[in-house]
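In what follows, a single structure is set out as structure tokens and then discussed.
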Amino acid sequence: MGSRNIAVLMAAGKGTRAGGGVPKQFMVVGGRMLLEYALHTFQRHPAIDGIAVVLPPGCQEAVRERLRQGYPKICAFAEGGDERFRSSWAAVQLFAGRAADNLLLHDAARPLLAPRTVSDIIGALRHCEAAVAAVPATDTVLHAGNDSLVTEVPARATLWYAQTPQGFRAGLLQRAFERHFRHPEISPTDESGLVHHYCPETDIRIVPGTADNFKVTYPADIARLRSVLRHESRV
Ligand code: CTP
Ligand code: MG
């Protein structure tokens, strides 16, 4: 069997900043749970061969069963950890024997994923081993020390905001994680940071993200999502 394109849906967070009774990925907005929006996009995308979902520890079997029923491309579940990189590591280990597969890690908290972005990541992975969706920075980004004194003002034209999906050859991601666990040097906030640090020889290609692909982080983002969904159903 050749290499496959596997979507990895990251849904094991606590959603602290969004508040609410349940973690944001399980909140029902516009008639479905937040995590189902991206699931739906991956399920329908013709180039995606399978989906792995990372869920919080102790997530009920009924939730898994319901997801399996609704999204038949789901081929695996993993149990997430306390930090995001623990959750992605749990998923990456599922593909230990599949070094040539492409893993597309995506935040369940980014419901408005465009199919085009998925295609672009997969397209880029034909020519390199790592690709990340990103949009050009719109604010000037300041670099500062603990004393809040600015140490650097990088030229805005060189700066991008990283989104997800972030796509990697599974073998590359395994190597980056193994190096990290052997000699931890940074606390990675996303997988592009992890790969860039531990496999610096690797080219990481930026593909265009979209403004709609924002991450639901605060309660105001839920309101923004509702407003986009309302607008879409009108046109
Ligand atoms: N995530 C995860 N495992 C973690 C932390 C985060 O799978 N230990 C996932 C979240 O479910 C989310 C995505 O990574 O889809 C982006 O993380 P973030 O927006 O920070 O979500 P939370 O960590 O859940 O939210 P908060 O930081 O406000 O608690
Ligand atoms: Mg978080």
Q.
With every protein chain left in place and a probe of 1.4 Å, what is the accessible surface of Thr217, to the nearest 10 Å²?
A. 20
Q: Let me know the volume per residue of the alpha-carbon convex hull for segment 39-78, in Å³.
A: 58
Q.
Suppose we take every Cα in the chain and form the convex hull; what volume per residue is that in Å³?
A. 153
Q) Using the C-alpha gyration tensor of segment 86-128, what are the square roots of 5 times its eigenvalues, in whole angstrom, with the largest one first? A) 20, 17, 6
**Q.** Sequence-separation-based contact order of the chain, relative, with Cα cut under 8 Å and 6+ spacing, percent
**A.** 23
Q) What residue among Thr138, Thr16, Thr151 shows peak mean-square fluctuation when the chain is described by a Gaussian network model with Cα springs under 10 Å? A) Thr151
Q) What Kirkwood hydrodynamic radius, in Å, does segment 128-185 give when the mean of 1/r is taken over all pairs of distinct Cα atoms and then inverted? A) 14.2
Q: Using Cα centres only, tell me the gap between segment 155-172 and segment 178-223 in whole Å.
A: 6
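Over all directions, average the projected area of the Cα convex hull of segment 1-70 and note it in nm².
Details: hull surface 23.3 nm².
The orientation-averaged projected area of the Cα hull of segment 1-70 comes to 5.8 nm².
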**Q.** Cα-based equivalent ellipsoid of segment 74-148: semi-axis lengths in Å, sorted from largest, via gyration tensor
**A.** 27, 20, 14
Q: Treat each spin label as a single point 7 Å out from the Cα along the C-beta direction, and report the Glu61 to Asp203 distance in nm.
A: 4.9
Q) How about Lys215: which lysines have a C-alpha closer than 21 Å to its C-alpha, ignoring those fewer than 8 places off in the same chain? A) Lys14, Lys24
Q) Once a ≥ b ≥ c are taken as the square roots of the eigenvalues of the Cα gyration tensor of segment 176-216, is the result rounded (a/c under 1.5), prolate (a/b larger than b/c) or oblate (a/b not larger than b/c)? A) oblate
Q: Can you check how the C-alpha radius of gyration of segment 113-156 compares to 2.2 N^0.38 Å, as a plain ratio?
A: 1.75
Q. Accessible area per residue, 1.4 Å probe, Å², for segment 1-124: what's the number?
A. 43
Q. Based on the Cβ-Cβ distance from Arg68 to Thr158, what FRET efficiency comes out when R0 is 41 Å, to the nearest 0.05?
A. 0.40
Q.
Suppose only helical runs count, i.e. DSSP H with n ≥ 4. What mean residue ellipticity at 222 nm does that imply for the chain under -39500 (n - 2.57) per run, divided by all residues and rounded to the nearest 500 deg cm²/dmol?
A. -10000 deg cm²/dmol
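Quick one: Cα convex hull volume of segment 124-234, Å³ per residue?
165
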Q | Carbon/sulfur fraction of accessible area - the chain, other protein chains in place, 1.4 Å, % | A | 52
Q) Across segment 1-123, how large is the tail of the calculated P(r) beyond 26 Å, expressed as a percent of all Cα pairs? A) 15
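The values are calculated or read from the model by the stated rules, or taken from the named source; none is laboratory data. No experiment lies behind these values; they were computed from the predicted model shown. Note: ideal-geometry Cβ built from the backbone for every residue, glycine included; neighbour counts use all protein chains shown. Only protein heavy atoms, including side chains, enter the accessible area calculation; ligands, DNA and RNA are left aside. Shrake-Rupley method; radii C 1.70, N 1.55, O 1.52, S 1.80 Å.
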